[in-house]
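Just so you know, all these numbers are worked out from the coordinates, no wet-lab data involved. If you're wondering where the values come from, they're calculated on a predicted model, not measured in any experiment. Cβ coordinates were reconstructed from backbone atoms using ideal geometry, including for glycine residues, and neighbour counts include every protein chain displayed.
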Amino acid sequence: MVKISFSAYNEGRLYAIASLIPRTSSLARCLDIGCGEGMIAEVIKRKGYLYYGLDLSKEILRRARCSLSNNNIFLQADANYLPFKKCCFDLVIALEIIEHIDNPCKLLKEVNSILINGGYLIISNTE
C-alpha cells in the first residue's frame, strides 16, 4: 500500500486546479467560495487575478489574513447569499464546498449572476 501525505495530496490537487485556470493579462477578478485559509490564493495571483476569498468562518479568515500577503481580499459571508454585484468576477472557484451547501442550485444561480459573460467556474467535490 502506498501512503500519500496530506501535503502531497494538496500539492497534486493544487497543480491540477492550477492547470484549469486560464492566465489573464488584465486585472481580472477571482472569487474563491469557501476559501478556508486561502490555500489557492497565490496560484490564482500568479495567473494574473485579483483574489477574493469568501468563507463563513471568522477564525479561518483571520488565519488566512495572517499567513498570506496583504494583496488579498477576504470576506466573511454565507455562500448561499453572495454579497456582490452582477457580472463582477471573471473566475469563480468552489473547491469541495458544493456538497456542504443546502441548495446547490441556488448557489449556481448566484454564481452565474456574478460571473461576467464568458467567465469561468471551477467546481470540485470530495467524491
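Amide H contacts under 5 Å for residue 122: 92, 93, 94, restricted to partners 5 or more places along the chain or on a different chain, H placed in the peptide plane at 1.01 Å from N.
To the nearest 20 debye, what charge dipole does the chain have about its Cα centre, counting +1 at the Cβ of each Lys and Arg and -1 at the Cβ of each Asp and Glu?
Charge dipole of the chain: 440 debye, to the nearest 20.
Taking other C-beta atoms within 10 Å as the exposure proxy, 123, 21 rank 123, 21 from fewest upward.
Give the order of 101, 44 when sorted by the count of other beta carbons within 10 angstrom, beginning with the fewest.
On the way: 101 17, 44 25.
Taking fewest neighbouring Cβ atoms as first place, the list is 101, 44.
Of 51, 120, the sequence from fewest to most neighbouring Cβ atoms within 10 angstrom is 120, 51. What does the C-alpha gyration tensor say about the overall shape of segment 24-124? Classify as rounded when a/c is under 1.5, otherwise prolate if a/b is larger than b/c, or oblate. Oblate, because a/c is 1.5 or more while a/b does not exceed b/c. Cross-link reach is defined here as a Cα-Cα straight distance under 15 Å, omitting same-chain residues fewer than 8 places apart; for residue 109 the aspartates and glutamates meeting it are 78. With K and R counted +1 and D and E -1, the other residues having a Cβ less than 15 Å from that of residue 119 yield a net charge of +3.
Taking the average, over residues, of other Cβ atoms within 10 Å as the packing measure, peptides 89-99, 106-116 rank 89-99, 106-116 from highest down.
When the chain is described by a simple charge dipole with +1 on each Lys and Arg Cβ and -1 on each Asp and Glu Cβ, the residue from 14, 121, 69 located farthest towards its positive end is 69.
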